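Novice: Structure incoming, see below.
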Amino acid sequence: MHHDPERALALAYAPDNGRRAALSALLALDTALGDVVRSTTQPALGQIRLAWWREQLAKLDGAAPPAMPVLEALYADVLPLGVGGTDLSGIVDGWDVLIEEETLDDAALQRFAEERGGRLFALAAAILGGDAAVARRLGQGWALFDLARHQSEPATAARADALAQTALTGSLAGVARSLGMLALSARLELAGVPQGGPKRAARLMWFGLAGR
């Protein structure tokens, strides 16, 4: 997801008045936390690394960050728009589920979705505007969809996809265009609509124009 053209399209729909940079910083944080989890081979070490992120994010409320691009971007672009470091640190809890839980049953998957994607999209909605409740629901689906794409256990991936399908079903009206675009991209992928094809491009374009 580091070089996803549809993510770039979603960012392009964010207002270019500081809010686009803020959304980019939020997504970069999510990517950084995902990289920690995916590169972890020993759970205890992974939790230590996530605890470091949780601490550094919380510290943003009272001090400038160390020279680390993700933290610097959050401090410069997100905090001035009213989202605090403590708010951001909650996203770590979602990723931590994947390390602390030996079995990803439906309850664990739902907790992951709520704390990672739901919280991320809700914070983004606080910056971008739009219906925060819809954004939170779509964020949960987006997170579950992304988890399934990186999941090596087929049964877990199937359950994550099923939960994602439920969360992503429903109207996209009222949500910020950028967040709706991310959710729609996941929905189309779940439906088997190929990337780069005319049907997918037309659907994304219509949402960008009409917001539904």
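Novice: Every residue in the range 27-49 that is at pLDDT below 95, part of a helix (DSSP H, G or I) and of a type in the set (V, I, T), please.
Specialist: Scanning the range 27-49 gives no hits.
Novice: Also: Quick one: which helices (runs of 4 or more DSSP H) sit completely within the range 92-175 and have at least 2 residues that are within 23 Å of L209 (Cβ to Cβ), open to solvent by less than 20 Å² (accessible area, probe 1.4 Å) and modelled with pLDDT of 95 or more?
Specialist: 119-128, 132-149
Novice: Can I ask one more? I'd like the full set of residues that are open to solvent by 20 Å² or more (accessible area, probe 1.4 Å), within 20 Å of G174 (Cβ to Cβ) and assigned to a helix (DSSP H, G or I), limited to the range 189-212.
Specialist: R203, M205, W206, L209, A210
Novice: Sticking with this structure for a sec: Mind telling me which of the residues R177, R203 ends up being farther than 15 Å from L11 by Cα and either in contact (Cβ under 8 Å) with a residue 60 or more places away in the chain or of a type in the set (D, E, K, R) (or both)?
Specialist: Being farther than 15 Å from L11 by Cα and either in contact (Cβ under 8 Å) with a residue 60 or more places away in the chain or of a type in the set (D, E, K, R) (or both) holds for just one of R177, R203, which is R203.
Novice: Let me ask another. Exactly one of (1) under 23 Å from G82 (Cβ atoms); (2) touching a residue at least 60 places away in the same chain (Cβ under 8 Å) is unmet by D146. Its number?
Specialist: (1)
Novice: OK, next. So which residues in the range 50-91 are open to solvent by 60 Å² or more (accessible area, probe 1.4 Å), without any contact (Cβ under 8 Å) to a residue 60 or more places away in the chain and part of a helix (DSSP H, G or I)?
Specialist: Hits for the range 50-91 are W52, R54, E55, K59, P69, E72, Y75, A76, T86, D87.
Novice: Let me ask something else about it. Tally up the residues in the range 1-26 that are open to solvent by less than 30 Å² (accessible area, probe 1.4 Å), part of a helix (DSSP H, G or I) and in contact (Cβ under 8 Å) with a residue 60 or more places away in the chain, please.
Specialist: 6
The values are calculated or read from the model by the stated rules, or taken from the named source; none is laboratory data. Keep in mind it's a predicted model, so treat the numbers as computed, not measured. Note: ideal-geometry Cβ built from the backbone for every residue, glycine included; neighbour counts use all protein chains shown. These area figures cover heavy atoms from the full protein model, side chains too; ligands, DNA and RNA do not enter into them. Shrake-Rupley method; radii C 1.70, N 1.55, O 1.52, S 1.80 Å.
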